[in-house]
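Peer 1: Questions regarding the structure given below will be posed in turn.
The values are calculated or read from the model by the stated rules, or taken from the named source; none is laboratory data. Remember, predicted model here, so these are calculated numbers, not experimental data. Methodologically, a virtual Cβ is constructed for each residue, glycine included, from the backbone with ideal geometry; neighbour enumeration extends over all protein chains shown.
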Amino acid sequence: MTYPEDQNIRPWWRGDPDTLKAGPDAYRAAVSRTHAPLFAISRQGKPWVTHTGAIYWKSAPEADADDLPLLGFAPPLEAHQLGDAGFKKDLGLKYAYLVGAMANGITSVEMLSAAGQAGMVGFFGAGGLSIGQIAAALDRLEASTGKFPYGFNLIHSPNDMRLEMETAQLYLDRGIHLISASAYLGLTLPLIYYRVKGIHRTESGHIICPNRVIAKISRVEVAAKFFSPPPQSLLAELVQQGKLTRDEATLAEQVPVAQDITAEADSGGHTDNRPALSLLPTILSLRDEAMRRHAYREPLRVGLAGGIATPHAVAAAFSMGAAYILTGSINQAAVEADTSDTVRQMLVEAQQADVIMAPAADMFELGVKVQVLKRGTMFAMRAAKLYDVYQAYSRFADIPEAVRTMIERDYLKAPYAAAWQTTRAYFESRDPGQIERAEKDAKHQMALVFRSYLGQSSLWAKAGVEERKIDFQIWCGPSMGAFNAWVNGTFLEPAKQRKTAVMGLQLLNGATKLIRFQRLVEQGVMFPPSALDIKPSITEAA
């Protein structure tokens, strides 16, 4: 729309007056028809709405009798228009909506299928799984009928770099060209190997990097590493190991480790509890700086995760410039999530304050924490106690007897020696080097046993082991409570109704209504609060 410089000239509407409607029901219906333009007209001292007509710029004396003052105008805005068009094209998506990778396979094959077939993309939760389990998920996806976009998770494993490399190799061998890289404190050989293996130049001189990394970060210094080309030291080491050719290493110096970064605000699982309102603009500025410094031919993009659970959050994310959004916690309660009905019910009852930070199993010794559900479980308190004990004592035998007894009786459910043998058997197949170190270092042995409790607690939750309910580790952010408050009293309130794609579409559709409504309000249109209804509607659940 072109606005004249003459302040005496204003917009007027001309059309069929019989199409004009007023009142809360008419306003609500008009805002909800997001596929049609919305005209707000001044008539009889209040706003009237319609979806048809034309706009003319005139001064008041020039207006015809049929012209009515235009208060505001909102163009069509549908869910598929939200987000970065280039991002959606690159990934083959209809919607700029990602389903995050919840570990232990909680983001399941079924969830990937539901998201992909709806025009979104999901990432299989490979974290915490063995190579065999990840391969089995790949087999199921390859055997499924119909083609749809999907990705897999590659999680940083500082305590098991062999597993990280084997996972990267599996993805390369099986033709997985899209991964979500999470929990990285810095760049690693497996990550760089996956990213640049197979990079080549076309006859026209264009560099093709077949493997796409979407990095999930919450720290500026980590984001800067992902937006930069791979370090020459890592490329040289990969060449020395025979994993990359010299040509591949040379070309890799011209591409970013990740073209797309997800700025992860306060979320479930690994999180720095960053506020989205400060994190996203900072990473967007970093993106612009990286584009100037490296002069990439392809654009860098930033999405947002953490706290995405209501249309207001979705609208805010896209309004701030997010290329896409990623949801996590809310999908753990979805029917396609590979978890227990007990966990689903605990999640649908959660409120925003029902979360807490607890020591992480995979980075226990480093003091790294994850955000988990607090309501209905004592896991966070028990995990914190184990970490405090680990910090204070060099070996289990040095712990005061009363505390040792409590840990064996309530946490391990076995004598420490028996718990160590069970832990030892686990590492015999996963990482024998840990056993050798533990038998020489009593403190490391204690860490492995304590990590075993932390690791199994999430599996007990996934399997719904009732006698271990008090120990359930359920990764969860405050977004879960926000989502529950939003869907309260609607068809999405029961766990059995929460389907991954339906939840996503309800969030996106609600955001389009909110954005259109806000555009009219910013033009001075005075609608009553009842004119906006963004509660989930079963009529929009297709």
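Peer 1: Quick one: in region 238-258, of everything that is outside any helix (DSSP H, G or I) and of a type in the set (D, E, K, R), which residue is farthest from the chain's Cα centre (by Cα)? Before the answer, list the steps.
Peer 2: Residues of region 238-258 that are outside any helix (DSSP H, G or I), as a first pass: 241-245, 253-258.
Those still in the list that are of a type in the set (D, E, K, R) too: 243, 253.
Details: LYS243: 31, GLU253: 28 Å.
That would be LYS243.
Peer 1: Sticking with this one: Just checking, how many residues over region 112-153 are assigned to a helix (DSSP H, G or I) and either acidic (Asp, Glu) or touching a residue at least 12 places away in the same chain (Cβ under 8 Å) (or both)?
Peer 2: If we filter region 112-153 for residues that are assigned to a helix (DSSP H, G or I), which is where we start, we get 112-117, 131-143.
Restricting the remaining residues to those that are either acidic (Asp, Glu) or touching a residue at least 12 places away in the same chain (Cβ under 8 Å) (or both) gives 112-117, 131, 133-135, 137-142.
Number satisfying all stated conditions: 16.
Peer 1: While we're here: Please specify each residue of region 416-451 satisfying the condition of being within 17 Å of ASN159 (Cα to Cα), of a type in the set (Ser, Thr, Tyr), in contact with a helix residue (DSSP H, G or I) (Cβ under 8 Å, 6 or more places away or on another chain) and surrounded by fewer than 21 Cβ atoms within 10 Å (Cβ to Cβ).
Peer 2: Within region 416-451, TYR426 is the sole residue that qualifies.
Peer 1: If you check ALA358, ALA309, ALA316, ALA322, which single one turns out to be of a type in the set (A, V, I, L, M), touching a residue at least 24 places away in the same chain (Cβ under 8 Å), assigned by TED's automatic domain parsing to the domain that holds ASP266 and outside any loop (DSSP other than H, G, I, E, B)? Please lay out each step first, then the result.
Peer 2: On the way: ALA358 fails: assigned by TED's automatic domain parsing to the domain that holds ASP266; ALA309 fails: outside any loop (DSSP other than H, G, I, E, B); ALA322 fails: outside any loop (DSSP other than H, G, I, E, B).
Being of a type in the set (A, V, I, L, M), touching a residue at least 24 places away in the same chain (Cβ under 8 Å), assigned by TED's automatic domain parsing to the domain that holds ASP266 and outside any loop (DSSP other than H, G, I, E, B) holds for just one of ALA358, ALA309, ALA316, ALA322, which is ALA316.
Peer 1: For region 150-165, which residues satisfy the criterion of being over 21 Å from PHE226 (Cα atoms) and either hydroxyl-bearing (Ser, Thr, Tyr) or at pLDDT 95 or above (or both)? Break it down into steps so the answer makes sense when it comes.
Peer 2: From region 150-165, those over 21 Å from PHE226 (Cα atoms) are 150, 159-160, 162-163; that's our starting set.
Correct list: TYR150 only.
Peer 1: Additional query: Residues that are outside the structural domain of ALA337 (by TED's automatic domain parsing), out of contact with any His (no Cβ under 9 Å at 6 or more places or on another chain) and closer than 17 Å to PHE396 by Cβ, at least 1 per element: which helices (runs of 4 or more DSSP H) completely within region 422-495 meet that? Give the steps one after another, and end with the answer.
Peer 2: Working: elements: 432-440, 442-463, 479-487.
Passing ranges, in order: 432-440, 442-463.
Peer 1: Considering (1) in a helix (DSSP H, G or I); (2) over 30 Å from GLU166 (Cα atoms); (3) of a type outside the set (S, T, N, Q), say which one ALA414 fails and leave the rest.
Peer 2: All conditions pass for ALA414, except number (1).
Peer 1: Please find, among GLU221, GLU203, GLU164, the residue that is more than 22 Å from the chain's Cα centre (by Cα) and without any contact (Cβ under 8 Å) to a residue 40 or more places away in the chain. Outline the logic, then answer.
Peer 2: Numbers: GLU221 fails: more than 22 Å from the chain's Cα centre (by Cα); GLU164 fails: more than 22 Å from the chain's Cα centre (by Cα).
After ruling out the rest, the residue left standing is GLU203.
Peer 1: Just the residues that are over 30 Å from MET406 (Cα atoms) and β-branched (Val, Ile, Thr), please, taken from region 330-381.
Peer 2: ILE330, VAL335, VAL348 - these are the residues of region 330-381 that are over 30 Å from MET406 (Cα atoms) and β-branched (Val, Ile, Thr).
Peer 1: Hey, another quick one. Quick check on my filter: what residues within region 155-194 are buried (at least 21 other Cβ atoms within 10 Å of the Cβ), out of contact with any Ser or Thr (no Cβ under 6 Å at 6 or more places or on another chain) and not in a loop (DSSP other than H, G, I, E, B)?
Peer 2: THR167, ALA168, TYR171, ILE179, SER180, ALA181, SER182, PRO190, LEU191, ILE192, TYR193, TYR194 - these are the residues of region 155-194 that are buried (at least 21 other Cβ atoms within 10 Å of the Cβ), out of contact with any Ser or Thr (no Cβ under 6 Å at 6 or more places or on another chain) and not in a loop (DSSP other than H, G, I, E, B).
Peer 1: Just checking, how many residues over region 254-297 are farther than 24 Å from GLY328 by Cα and touching a Leu at 6+ places or on another chain (Cβ under 7 Å)?
Peer 2: Residues meeting the conditions: 3.
Peer 1: Restricting the search to region 210-224, which residues are surrounded by 21 or more Cβ atoms within 10 Å (Cβ to Cβ) and within 16 Å of LEU154 (Cβ to Cβ)?
Peer 2: Taking region 210-224 and keeping what is surrounded by 21 or more Cβ atoms within 10 Å (Cβ to Cβ), we get 213-218, 223.
Listed by number, the residues that qualify are VAL213, ILE214, ALA215, LYS216, ILE217.
Peer 1: Next question. Over 17 Å from TYR296 (Cβ atoms), buried (at least 20 other Cβ atoms within 10 Å of the Cβ) and not acidic (Asp, Glu): does that describe ILE199? Talk me through it step by step, then tell me what you get.
Peer 2: Working: over 17 Å from TYR296 (Cβ atoms): no; buried (at least 20 other Cβ atoms within 10 Å of the Cβ): yes; not acidic (Asp, Glu): yes.
It is false that ILE199 is over 17 Å from TYR296 (Cβ atoms), buried (at least 20 other Cβ atoms within 10 Å of the Cβ) and not acidic (Asp, Glu).
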